[in-house]
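Below is one structure, written out as structure tokens; the observations come after it.
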Amino acid sequence: MIVTKNQNLQNRIALISGASAGIGESVLRDLAFHGVRCVANARRADKLNEIAAQLNTERELVIPVVGDASQQEVVDAMSAAAVAKFGREADLV
């Protein structure tokens, strides 16, 4: 992901699927580095929770939601987690 110095991402909330490896993990790490609060999804609970713990050392930026993002109930759980933890729905998907 390319972020320019003029972009303000501090008050953004993102939903990220596939966050335990590859592009999804890279996007998650980059957004969290820039202060974006993230609801991260993957099917592999152990890897997802490990990444979330690594990124949540200073403040809670990442909420892990385990499951298959092709299932509507998992997507609903991700949206609900954003509202419950961050007070509003995600604006980056």
Which listed residue is more than 10 Å from the chain's Cα centre (by Cα) and buried (at least 21 other Cβ atoms within 10 Å of the Cβ), from 51, 13
51
Just to be sure before I move on: is residue 23 surrounded by 14 or more Cβ atoms within 10 Å (Cβ to Cβ) and at pLDDT 95 or above in the structure I sent?
no
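The values are calculated or read from the model by the stated rules, or taken from the named source; none is laboratory data. The structure displayed is predicted, hence computed values, not measured ones. FYI the Cβ positions are ideal-geometry reconstructions off the backbone, even for glycines, and counts take in every protein chain you see.
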